[in-house]
2 protein chains.
Amino acid sequence: MNIQFMKRAIELARNGMEQNEGGPFGCVIVKNGEILAEGNNRVTTDNDPTAHAEITAIRRACETIDDFQLTGCDLYTSCEPCPMCLGAIYWARPDRIFYACSRDDAADAGFDDEFIYRELDISPIERRISMKQIGRNEALVLFNEWKEKEDKFVY
Amino acid sequence: MNIQFMKRAIELARNGMEQNEGGPFGCVIVKNGEILAEGNNRVTTDNDPTAHAEITAIRRACETIDDFQLTGCDLYTSCEPCPMCLGAIYWARPDRIFYACSRDDAADAGFDDEFIYRELDISPIERRISMKQIGRNEALVLFNEWKEKEDKFVY
C-alpha cells in the first residue's frame, strides 16, 4: 500500500472537477509498483453514465495489458465504489482495493450510491425501476447451448 | 411491452455467442417504440470486463441521443442484469427493464453474478477482494468543495 497512489487518485478527482469533466472522483490502477492506468469521472463530458473514475481506469488498464483481468493489480479510488463500479471491479479481479471517502460521504455530497446499494438488495418486483421477466424459455435455450459449446472462451 | 424486442435481444446474444465475441447476452434499448441501440457481450473480444450487453447498449444509446440519461426508454435484456449492469441502469435511469433469464439461470451457466450480488451485500472488510480505507480526510476536502461549487453540472 502506498499513500502516494491515493494522493494521485485525489489529484485526478480534483482536476476533473475543476475542468468540469464530471464529479469529483479519481482512480489509479497500479501493477508492480507502477501506475498502469488512471481515470476520473467523465459522465457529463462524455454523455456516458458508465464513465465513472473506476470504470474509466479499468477499461484503460485492460487495454494497456491486453487482457480482461487485472490479476496482480491494486486499485486506488478517491471514494468507495458505487455498485456499478464494485461490480466492474469484481469482473476485472484486481488483488486489492483502497478507497478514501465512504459511500455515506458520497451520499452527503449528493451522489446516489447508497440508494442504488439499497435497490440492489431488494427483489426485482420491489424496485423503483420496474423490472419484469418475459421470454425466459427462449433465452434459456441459449444458456444450454453455451454450456455445450466446445470452443467457448470462458471468462 | 413488446416481445419482439426481447426476441431481438436474444438474437443479438446468439449472434455474439456464435461469433465468439463473448458470453450469450444481448440487450436492446427502445424509445418511442423504436430501437435506439443494441449491444451484446464483448468482454473477451474487446478485452474489456465492462463490455456486458447492457453497458454496451447503454453507452451506444446515450451516444445516439447525446445525453447521459435514458428517460423514457425501455431496456430489454436476455438475462437479469448483474450488479455492474444494474448499477449502470440506475445511473442511466430508463423507465422500465424487461429481462428473460434470471441470475440463477446465469449462475447455472457458469456466470458469477450471484456471487457478486452476495459480495455487495456484506461489509467491505468481509469481502473476498481486500478493501481498505485510507486518505479519507484529504478526499473529503474535495466533496466539500463540490458542495460549494457554483458552476457544477449535477448528474
| Which whole-angstrom value gives the distance between the alpha carbon centres of region A:33-69 and region B:84-119? | 21 Å
| note | Answer in debye to the nearest 20: the dipole magnitude of chain A about its Cα centre, from +1 Lys/Arg and -1 Asp/Glu charges placed on Cβ, is 160 debye
| task | Show B:T71, B:T50 ordered by accessible area, largest first, where the area counts protein heavy atoms only and the probe is 1.4 Å. | result | B:T71, B:T50
| said: I want the local charge near B:T71. Using Cβ-Cβ distances under 12 Å, sum +1 for each Lys or Arg and -1 for each Asp or Glu among the other residues. | reply: 0
| task | List the GluC sites (Glu not before Pro) within region A:73-155 that fall in a DSSP loop (any state other than H, G, I, E or B) and whose Cβ has at most 16 other Cβ atoms within 10 Å. | result | A:E150
| field | Dipole magnitude of region A:22-63 about its Cα centre (Cβ charges: Lys, Arg +1; Asp, Glu -1), debye to nearest 20 | value | 40 debye
| request: On a 0 to 90° scale, report how tilted helix B:83-92 is relative to the longest principal axis of chain B, with both axes built from alpha carbons and the result rounded to the nearest 10. | output: 80 degrees
| note | Taking every alpha carbon pair in region A:77-154 and sorting the distances into 5 angstrom bins from 0 up to the bin holding the longest one, the percent per bin comes out as 3, 12, 14, 14, 15, 15, 11, 9, 6, 1
| said: What does the copy distance list look like for B:N137, label position 7 Å along Cα→Cβ, in nm and ordered from shortest? | reply: 6.4
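Roughly how big is the protein assembly as shown's charge dipole about its Cα centre, with Cβ charges of +1 (Lys, Arg) and -1 (Asp, Glu), in debye to the nearest 20?
Values: 36 positive and 56 negative charges, 36 e Å.
Computed charge dipole of the protein assembly as shown: roughly 180 debye.
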| request: Note the distances from A:T45 to each other copy's matching label point, with points 7 Å along the Cα-to-beta-carbon direction, in nm, sorted shortest first. | output: 2.9
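May I ask you to give the solvent-accessible area per residue for the protein assembly as shown, in square angstrom, as obtained with a 1.4 angstrom probe? Provide the component values of the computation, followed by the final result.
On the way: 12880 Å² over 310 residues.
Heavy-atom accessible area per residue stands at 42 Å².
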| request: Work through the residues other than B:G110 whose Cβ is under 10 Å from its Cβ and net out their charges, Lys, Arg +1 and Asp, Glu -1. | output: 0
| Set of lysines near A:K147 by C-alpha distance (under 30 Å), chain-local residues within fewer than 8 positions excluded | A:K132, B:K7
| message | Out of the total accessible area of region A:6-105 (probe 1.4 Å, heavy atoms of protein only), what percent is carbon and sulfur? | response | 36 percent
| task | Please report, in Å, the Rg and the Dmax of the protein assembly as shown, where both are computed over Cα atoms only. | result | 18.6, 57
| When each copy gets a label point 7 Å from Cα toward the beta-carbon at B:D67, what are the spacings between them in nm, shortest first? | 4.1
| task | Based on a Kirkwood Rh over C-alpha pairs, give the Stokes-Einstein translational diffusion coefficient of chain A at 10 °C and viscosity 1.306 mPa s in µm²/s. | result | 93 µm²/s
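Only bridges with both residues in chain A count here: give the DSSP antiparallel percent, nearest 5.
70 percent
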| Using helices alone, what [θ] at 222 nm do you get for chain A, with -39,500 (n - 2.57) per DSSP H run of 4 or more residues, divided over all residues and rounded to the nearest 500? | -13500 deg cm²/dmol
| task | In a Gaussian network model over chain A where Cα atoms closer than 10 Å are linked, find which of A:G16, A:G135, A:G72 has the largest mean-square fluctuation. | result | A:G135
| message | Mean-square fluctuation check for chain B, GNM, Cα pairs under 10 Å: which of B:P124, B:P24, B:P83 is largest? | response | B:P124
| said: Kirkwood Rh over alpha-carbon pairs of region B:69-121, then Stokes-Einstein at 20 °C and 1.002 mPa s: what D in µm² s⁻¹, rounded to an integer? | reply: 185 µm²/s
| request: Enter the buried accessible area of the B/A pair, total of both sides, probe 1.4 Å, in Å² rounded to the nearest 100. | output: 8500 Å²
| request: Give me the aspartates and glutamates in straight-line cross-link reach of A:K152: C-alpha distance below 20 Å, same-chain residues under 8 apart excluded. | output: A:D66, A:D67, B:E11, B:E18, B:E21, B:D46, B:D48, B:D105, B:D108, B:D112, B:D113
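The values are calculated or read from the model by the stated rules, or taken from the named source; none is laboratory data. Note that the coordinates shown come from a computational prediction; the quantities given were computed from them, not determined experimentally. We place every Cβ from the backbone using ideal geometry, glycine too, and count neighbours over all the protein chains shown. What goes into the accessible areas is simple: the full protein's heavy atoms, side chains included, and nothing from ligands, DNA or RNA. Shrake-Rupley method; radii C 1.70, N 1.55, O 1.52, S 1.80 Å.
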